[in-house]
Amino acid sequence: MQRLSKENYYLDIAETVLERATCLRRIYGAIIVKNDEIISTGYNGAPRGRRNCVDMGYCTREAMKIPRGERYELCRSVHAEANAIISAARRDMVGGDIYLVGKDARTGELLSDATSCSMCRRLVINAGLKRIIIRRTKEEFEIVNVQEWVDNDDSITTLEEGCSCCK
């Protein structure tokens with residue numbers, strides 16, 4: 001018997017977490033792990049007490065014909081990474097890892113291009129997390145050192161190009 005890698009063990013748990021997600025486009029699950037201990041979990045869905053897209057039967061951003069990757073402020077959901085970070089104390093996260101799995105909500109297929117949006121990247125950086133491990137296929141994953149997000153500041157590039165919110 002071949003033993004499952006530690007990364008895929010935690011990614012499998014994050015994949016189970018995403019089964020609680022309520023988005024109609026893409027569903028995500030995240031877990032924060034430090035010293036081989038799960039600190040918190042999160043999935044994407046509306047803030048507590050608000051109606052979820054699955055309950056309403058439509059996605060607000062789709063109804064407004066907003067392309068994927070744009071205008072996240074109009075999304076009803078709190079992202080999986082944000083929910084995991086909200087549920088943990090910073091002192092428990094510093095130096096830890098966040099595991100992320102995404103699926104297409106309609107097909108259930110794994111997202112080979114899953115990644116954190118720029119807002120969640122800022123949260124991950126400020127939480128003091130060291131690495132993000134992202135599932136690409138059932139067995140393959142990518143490890144991103146969060147320091148790369150600090151060094152390659154996408155907000156500077158956006159400003160240099162003229163961000164859409166400032167036009």
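The values are calculated or read from the model by the stated rules, or taken from the named source; none is laboratory data. On a predicted model such as this, the values are computed, not experimentally measured, just so you know. Positions of Cβ are generated from backbone atoms using ideal geometry, with glycine treated the same way; all protein chains shown enter the neighbour counts. With ligands, DNA and RNA removed, areas are computed over all heavy atoms of the protein, side chains included. Shrake-Rupley method; radii C 1.70, N 1.55, O 1.52, S 1.80 Å.
Assign one of three labels to the chain, namely rounded, prolate or oblate, based on the Cα gyration tensor with a ≥ b ≥ c the square roots of its eigenvalues; rounded applies when a/c is under 1.5, prolate when it is not and a/b is larger than b/c, and oblate otherwise. Each step should come with its number before you reach the end.
On the way: a/c = 1.60, a/b = 1.18, b/c = 1.35.
Oblate, because a/c is 1.5 or more while a/b does not exceed b/c.
Counting pairs on different chains as well as pairs 8 or more places apart, how many Lys pairs in the chain have Cα atoms under 28 Å apart?
Lysine pairs meeting the criterion: 12.
Mind checking the per residue accessible area of the range 40-128 for me, 1.4 Å probe, whole number of Å²? Each step should come with its number before you reach the end.
Working: 4900 Å² over 89 residues.
Heavy-atom SASA per residue in the range 40-128 reads 55 Å².
Using the Cα centre as the reference, give the magnitude of the dipole from point charges on the C-beta atoms of the range 1-100 (Lys, Arg: +1; Asp, Glu: -1; all else neutral), rounded to the nearest 20 debye. Please list the in-between numbers first.
On the way: 16 positive and 13 negative charges, 94 e Å.
My answer is approximately 460 debye.
Once every Cα of the range 62-160 carries one equal point scatterer and solvent is ignored, give the base-10 log of I(q)/I(0) from the Debye formula at q = 0.18, 0.20, 0.21 Å⁻¹, two decimals.
-0.99, -1.17, -1.25
Write out the trypsin sites (Lys or Arg not before Pro) in the range 80-114 meeting two conditions: DSSP loop, and at most 14 other Cβ atoms within 10 Å of their Cβ.
Here the sparse-neighbourhood loop sites are R106.
Using the scaling law 2.2 N^0.38 Å as the reference, what is the normalised Cα Rg of the range 33-73? Walk me through the numbers on the way to the answer.
On the way: Rg = 14.9 Å, N = 41, 2.2 N^0.38 = 9.0 Å.
Computed over Cα atoms of the range 33-73, the ratio equals 1.65.
Nearest 5 is fine: what % of DSSP beta bridges in the chain come out antiparallel, could you say? Could you put the intermediate results ahead of the total?
Details: 21 of 25 bridges.
The antiparallel proportion sits near 85 percent.
Which percent of the accessible area of the chain is formed by carbon and sulfur heavy atoms (probe 1.4 angstrom)? Write out the running numbers ahead of the final one.
Numbers: 4710 of 9970 Å².
Looking at the chain in its full context, I get 47 percent from C and S.
Using a simple charge model, +1 on the beta-carbon of Lys and Arg, -1 on the beta-carbon of Asp and Glu, nothing else, what dipole does the chain show about its Cα centre, in debye to the nearest 20? Each step should come with its number before you reach the end.
Numbers: 26 positive and 25 negative charges, 141 e Å.
That gives the chain a dipole magnitude of about 680 debye.
Mind listing which chymotrypsin sites (Phe, Trp or Tyr not before Pro) in the range 58-132 are in a DSSP loop and have 15 or fewer other Cβ atoms within 10 Å? If you can, show how the numbers build up before the last one.
On the way: sites: Y58, Y72, Y99; in loops: Y58.
Of the chymotrypsin sites (Phe, Trp or Tyr not before Pro), the ones in loops of the range 58-132 whose Cβ has at most 15 other Cβ atoms within 10 Å are Y58.
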